1. Could you count how many residues in the stretch 44-64 are at pLDDT below 90 and either touching a Gly at 6+ places or on another chain (Cβ under 7 Å) or within 24 Å of residue 15 (Cβ to Cβ) (or both)?
2. With the requirement that a residue be surrounded by 12 or more Cβ atoms within 10 Å (Cβ to Cβ) and in a loop (DSSP other than H, G, I, E, B), what does the stretch 1-17 give you?
3. Tell me, yes or no, whether the stretch 3-26 has at least one residue that is farther than 22 Å from residue 62 by Cα, of a type outside the set (A, V, I, L, M, F, W, C) and more than 14 Å from the chain's Cα centre (by Cα).
4. Can you list residue pairs whose Cβ atoms sit under 9 Å apart, with the first residue in the stretch 18-43 being within 15 Å of residue 8 (Cβ to Cβ) and in a loop (DSSP other than H, G, I, E, B) and the second being at pLDDT 90 or above and among the β-branched types (Val, Ile, Thr)? Count only pairs 6 or more apart in sequence or on different chains.
Amino acid sequence: MFSIADLAYLVRDILAPEKPVRVLGQPAPGAVRNRYVPDISKARHGLGLEVTIPLATAIQRTGDALRKRADTSS
């Protein structure tokens, strides 16, 4: 499971390796962390959704699409 910081570093590594990542908040020692893990079982069973794209690929495709969109709106 990824932390928000882990995800931030992964996005940076894929889309902008030269950029720094700043993690502004740190959990207090001994703090109880709330974790939410999305459940896609209804979509999987009801709609036949099957997640087959690795996270790194999804990040890259999203970055490419956003760059393309920004280029066409300029």
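The values are calculated or read from the model by the stated rules, or taken from the named source; none is laboratory data. The shown structure was predicted, so the numbers you read here are calculated from the model rather than taken from an experiment. Cβ atoms come from the backbone with ideal geometry, glycine included; neighbour counts cover every protein chain shown.
1. Going through the stretch 44-64 one residue at a time, the tally reaches 2.
2. Listed by number, the list holds a single entry, 3.
3. Yes, that holds for at least one residue.
4. 21/11
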